[in-house]
Amino acid sequence: MQAIGRRSVLAFVIATLSLMVSAEGGAAPDPASASVRREAVSVRLPSAAFAAMETINPEHIRWHVRFLSHDLLEGRGTGQRGGDIAAEYMATQFAEYGLKPAGDNGSYLQKVPLVGITTLPETQFSLLPKQGAAMSLKPLDEYVAYDQTQQEQSDVDADIVYVGYGIEAPEYNWDDYKGIDVHGKVLLMLVNEPPSDDPEFFKGKALTYYGRWTYKYEEAARKGALGVILIHREDMASYPWEVVRNSNSGEKSYLKLEGPALKVASWVQLDVAKKLAAASGMDLDKMMSDARTREFRPVNLGAKLKAHMVSKVRNFESNNVLAMLPGSNRNLKDEAVMYTAHYDHLGIRPDMPGDNIYNGAADNATGCGILLELARAYSVAKERPERSILFAAVTAEEQGLLGSEYLGEHPPIPAGKVTLDLNYDDVQPRGAPEEVEVSGAERTTFYPWVRAAAGRPGRSRGFRRGTDDILSVGASDGKRVPAGDPSGCAPRGWTLLPLRSLQSGARGHSIVLDQPRHEVQRPR
């Protein structure tokens with residue numbers, strides 16, 4: 001186990017340092033020209049990087065994982081005691097390594113203002129179809145809902161309009177709204193996005209941000225809707241109803257409200273949606289089929305949602321943990337390469353009997369352990385990289401990438417100076433990896449260096465990219481990768497390459513750019 005663990009860690013770090021050194025090489029060329037002249041791009045791993053790699057100790061990572069996933073940290077819930085302890089632990093380690101604080105007021109902590117919302121049992125949620133009796137739904141079993149306005153009570157009595165996937169994407173010539181006024185309406189919509197194998201249409205099998213529930217809520221709120229009802233279908237969501245239920249059965253955190261928000265942000269079971277459609281004189285299967293074409297137009301079901309939302313509202317702060325290793329080149333040290341990992345998990349669920357601590361060993365104590373060991377290795381290296389290195393342990397990832405979003409809006413250095421982010425999430429210890437997958441890198445200007453790293457002489461297998469000429473085994477199935485924004489920062493212009501583990505049978509594990517696959521999954 002010791003030998004396998006060391007080989008796993010070293011292989012992982014080789015991949016990281018290869019990409020890191022590529023980032024040190026300067027700005028990437030235009031991807032279109034790079035695809036023609038890729039032989040001109042080269043990757044060289046300097047002796048200093050090898051020396052740093054040799055100091056990596058898998059036992060250090062094991063210790064970090066053991067502590068962060070211990071019952072005493074109570075699952076590292078956002079805004080809970082265990083989460084605060086985890087943040088202090090990360091900060092203490094950065095200080096021990098002699099890294100420069102990059103948080104607020106000369107500290108390692110960046111305060112993230114949050115609001116915790118708990119939907120209370122007094123909430124009522126009824127669908128009033130065009131024909132037949134009202135459908136009073138059972139919480140968690142038939143629906144889940146939150147009030148995103150961060151008010152203690154809200155009331156909704158509004159028409160339900162079916163808007164297909166709820167996407168307006170002019171770059172793909174796609175508009176589910178067709179210019180209709182949805183102000184004051186409740187929008188019924190599908191999860192995910194139109195299926196495609198064409199990389200020029202919603203990035204083919206990759207999941208773009210348009211397919212995520214967060215986008216659908218945000219777009220509906222921007223258009224003045226009062227609420228959204230997402231229809232859960234397991235094959236389209238890629239996770240069962242239990243994932244939706246577990247992720248929406250306790251307190252849910254939000255950044256403090258800025259701009260419009262929904263009074264009802266909800267999901268319903270597929271059978272509920274079928275009954276509603278039938279009672280409205282429609283067939284849900286046909287509705288779903290119609291939504292896959294550009295000719296789709298919104299449909300008013302003639303039904304209403306009547307909801308009385310009652311919430312417990314808790315204002316609190318959590319923390320991102322930020323540390324900096326200054327660069328050695330006076331002309332480049334104002335730029336930074338960033339390493340990130342989220343330290344939060346799901347915490348304690350007091351309503352569950354028995355062992356109700358979600359320890360989060362794989363998700364994401366492993367990523368934090370790797371982040372800390374990389375920070376230590378860089379801190380003891382005889383030579384520093386030319387650019388600065390920013391280490392960030394972010395909070396509230398399980399709540400919707402909130403810590404990453406806040407960091408993207410409030411970076412410790414100008415966002416344009418961050419050249420690359422390598423993010424670690426759910427790196428499961430399943431043996432020595434033989435391959436590295438960087439699925440999604442082809443959509444960044446950094447991709448030529450990824451290809452160059454894969455093609456280095458002596459590399460027997462190289463990186464995997466899924467559909468390229470680089471070896472492809474066990475690539476992600478379906479629309480799983482949020483293109484260009486898996487960590488929540490890309491809208492701010494950063495290039496992100498999250499690295500995590502992917503089960504691949506006898507091959508052990510690979511490193512893959514992907515949306516996290518959680519020990520307890522949460523909806524995307």
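The values are calculated or read from the model by the stated rules, or taken from the named source; none is laboratory data. Here the structure is a predicted model, which is why all the values come from computation and not from measurement. All Cβ positions, glycine included, derive from the backbone under ideal geometry; neighbour counts span all protein chains shown.
Looking at SER328, is it small (Gly, Ala, Ser) and modelled with pLDDT of 95 or more? Steps first, please.
Values: small (Gly, Ala, Ser): yes; modelled with pLDDT of 95 or more: no.
When the stated conditions are applied, SER328 does not pass them.
The number of residues in segment 216-253 being part of a helix (DSSP H, G or I) and free of Cβ contacts under 8 Å to residues at least 40 places away in the same chain comes to 6.
Taking the numbered list (1) in a strand (DSSP E or B); (2) charged (D, E, K, R); (3) at pLDDT below 95 in turn, LYS111 passes all entries but (3).
Here is a check on your reading of the model: is LEU188 in contact (Cβ under 8 Å) with a residue 60 or more places away in the chain, in the same structural domain as LEU128 (by TED's automatic domain parsing), touching a strand residue (DSSP E or B) at 6+ places or on another chain (Cβ under 7 Å) and assigned to a loop (DSSP other than H, G, I, E, B)? Taking the combined requirement at face value, the residue does not satisfy it. The set of residues in segment 247-298 being at pLDDT 95 or above, surrounded by fewer than 19 Cβ atoms within 10 Å (Cβ to Cβ) and among the charged types (D, E, K, R) consists of ASP271, LYS274, LYS275, ASP283, ASP285, LYS286, ASP290, ARG292, ARG294, GLU295, ARG297.
When you look at LEU301, is it in the same structural domain as TYR89 (by TED's automatic domain parsing) and either surrounded by 16 or more Cβ atoms within 10 Å (Cβ to Cβ) or not hydroxyl-bearing (Ser, Thr, Tyr) (or both), yes or no? No: the conditions fail for LEU301.
Of all residues in segment 166-180, count the ones that are exposed (fewer than 15 other Cβ atoms within 10 Å of the Cβ) and free of Cβ contacts under 8 Å to residues at least 40 places away in the same chain. Selection size over segment 166-180: 3.
What residue, of ILE357, ILE370, is more than 30 Å from MET189 (Cβ to Cβ), among the hydrophobic types (A, V, I, L, M, F, W, C) and in contact with an Asp or Glu (Cβ under 6 Å, 6 or more places away or on another chain)?
Numbers: ILE370 fails: in contact with an Asp or Glu (Cβ under 6 Å, 6 or more places away or on another chain).
Of the residues listed, the single one that is more than 30 Å from MET189 (Cβ to Cβ), among the hydrophobic types (A, V, I, L, M, F, W, C) and in contact with an Asp or Glu (Cβ under 6 Å, 6 or more places away or on another chain) is ILE357.
Among the residues of segment 75-108, the one identified as under 23 Å from ILE370 (Cβ atoms), modelled with pLDDT under 95 and not β-branched (Val, Ile, Thr) is GLY77.
Please tell me if ARG330 is basic (Lys, Arg), closer than 28 Å to ASP155 by Cα and either surrounded by fewer than 15 Cβ atoms within 10 Å (Cβ to Cβ) or in contact with a helix residue (DSSP H, G or I) (Cβ under 7 Å, 6 or more places away or on another chain) (or both).
On the way: basic (Lys, Arg): yes; closer than 28 Å to ASP155 by Cα: no; either surrounded by fewer than 15 Cβ atoms within 10 Å (Cβ to Cβ) or in contact with a helix residue (DSSP H, G or I) (Cβ under 7 Å, 6 or more places away or on another chain) (or both): yes.
Considered against the rule, which asks whether it is basic (Lys, Arg), closer than 28 Å to ASP155 by Cα and either surrounded by fewer than 15 Cβ atoms within 10 Å (Cβ to Cβ) or in contact with a helix residue (DSSP H, G or I) (Cβ under 7 Å, 6 or more places away or on another chain) (or both), ARG330 comes out as no.
Just so you know, in segment 116-165 the residues that are among the hydroxyl-bearing types (Ser, Thr, Tyr) and assigned to a strand (DSSP E or B) include one that is surrounded by the fewest Cβ atoms within 10 Å (Cβ to Cβ), and it is SER136. Of the numbered criteria (1) without any contact (Cβ under 8 Å) to a residue 12 or more places away in the chain; (2) farther than 30 Å from GLY184 by Cα, the one LYS286 fails is (2).
Look through segment 399-443, keep the residues that are of a type in the set (S, T, N, Q) and in a loop (DSSP other than H, G, I, E, B), and return whichever of them is modelled with the lowest pLDDT.
Here the answer is SER439.
Only one residue in GLY369, GLY403, GLY408 is buried (at least 22 other Cβ atoms within 10 Å of the Cβ), assigned by TED's automatic domain parsing to the domain that holds GLY82, farther than 23 Å from ASP104 by Cβ and touching a residue at least 24 places away in the same chain (Cβ under 8 Å). Which one?
Numbers: GLY403 fails: farther than 23 Å from ASP104 by Cβ; GLY408 fails: farther than 23 Å from ASP104 by Cβ.
The unique qualifying residue is GLY369.
Among the residues that make up segment 382-398, is at least one of them at positive phi and either modelled with pLDDT under 90 or outside the structural domain of MET90 (by TED's automatic domain parsing) (or both)? The answer is no; no qualifying residue exists.
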